[in-house]
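Student: One structure is given below, represented as structure tokens, and several questions about it will come after.
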């Protein structure tokens, strides 16, 4: 069983936000609009955060793509009263929209701020281009990055049908596929020969808020 993880090289990230747009299109994320955005009710499963350092005139802006961390010890799972969020055998932390009661305990427990509550009935500019592989979430549930779980499951099913093991690179998340700087790598962390495992062993590697003991599976590479 693979242990899925992601490495994001901050030295390669250009903050173009193509990953954010690809994630929206791939996962049928609802459009909040300017009024709801001002109230903090926008939904972005993957955001590029700007971290400003220094004081004027010596100001430096650094950028940090932030999907769900898919923690090995996810605090969101521990607090959900109906097991709407849970961890699969392959380590992906997923959300069961049919079970979610919208209590938002998981949002409070998540130290990374990567969960979003669907405050209004989903609105989309057009329904013609919705991805049929991803269900549209109903009103009143929590949404989050799934590491494009539908792509993961499709690649694993294809490998089984062809009678072969899953190969490194068989699965690409939408953000990885569209990244203009090839800053995002996704794969099996338990495969020592995979690209993601090799990068995770890089001396520049670090995890967000690692001191909390959540053991994130999203690993960043520091800027050189």
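The values are calculated or read from the model by the stated rules, or taken from the named source; none is laboratory data. These numbers come from a predicted model, not from an experiment. Methodologically, a virtual Cβ is constructed for each residue, glycine included, from the backbone with ideal geometry; neighbour enumeration extends over all protein chains shown.
Student: Out of (1) under 18 Å from the mean Cα position of the chain (by Cα); (2) at pLDDT below 95, the odd one out for residue 150 is which?
Tutor: Looking at each condition in turn, residue 150 falls short on (2).
Student: Could you pull out the residue among 113, 169, 163, 91 that is at positive phi and surrounded by 15 or more Cβ atoms within 10 Å (Cβ to Cβ)?
Tutor: Working: 113 fails: surrounded by 15 or more Cβ atoms within 10 Å (Cβ to Cβ); 169 fails: surrounded by 15 or more Cβ atoms within 10 Å (Cβ to Cβ); 163 fails: surrounded by 15 or more Cβ atoms within 10 Å (Cβ to Cβ).
Criteria check complete, one pass: 91.
Student: Let me ask something else about it. Can you tell me how many residues within the stretch 165-175 are in contact with a helix residue (DSSP H, G or I) (Cβ under 7 Å, 6 or more places away or on another chain) and more than 19 Å from residue 70 (Cα to Cα)?
Tutor: 4
Here's the yes/no breakdown for (1) touching a residue at least 60 places away in the same chain (Cβ under 8 Å); (2) within 13 Å of the chain's Cα centre (by Cα); (3) surrounded by 10 or more Cβ atoms within 10 Å (Cβ to Cβ):
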position	(1), (2), (3)
16	yes, no, yes
36	yes, no, yes
44	yes, yes, yes
58	no, no, no
65	yes, yes, yes
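Student: Restricting attention to the stretch 168-224, and to residues there that are part of a helix (DSSP H, G or I) and in contact with a strand residue (DSSP E or B) (Cβ under 6 Å, 6 or more places away or on another chain), which single residue is farthest from residue 114 (Cα to Cα)? Break it down into steps so the answer makes sense when it comes.
Tutor: Step one: list which residues in the stretch 168-224 are part of a helix (DSSP H, G or I), which gives 174-178, 195-200, 210-212.
Checking which are in contact with a strand residue (DSSP E or B) (Cβ under 6 Å, 6 or more places away or on another chain) leaves us with 175-176, 195-196, 199-200.
On the way: 175: 15, 176: 18, 195: 25, 196: 22, 199: 24, 200: 22 Å.
Restricting to residues being part of a helix (DSSP H, G or I) and in contact with a strand residue (DSSP E or B) (Cβ under 6 Å, 6 or more places away or on another chain), the top hit is 195.
Student: Then there's this: Which of the residues spanning the stretch 124-164 are in a loop (DSSP other than H, G, I, E, B), without any contact (Cβ under 8 Å) to a residue 24 or more places away in the chain and out of contact with any helix residue (DSSP H, G or I) (no Cβ under 9 Å at 6 or more places or on another chain)? Talk me through it step by step, then tell me what you get.
Tutor: Applying the first criterion (in a loop (DSSP other than H, G, I, E, B)) to the stretch 124-164 yields 124-141, 144-148, 162-164.
Restricting the remaining residues to those that are without any contact (Cβ under 8 Å) to a residue 24 or more places away in the chain gives 126-128, 132-133, 139, 162-164.
The answer is 126, 127, 128, 132, 139, 162, 163, 164.
Student: Among the numbered conditions (1) touching a helix residue (DSSP H, G or I) at 6+ places or on another chain (Cβ under 9 Å); (2) without any contact (Cβ under 8 Å) to a residue 12 or more places away in the chain, tell me where residue 87 comes up short.
Tutor: So the condition that residue 87 fails would be (2).
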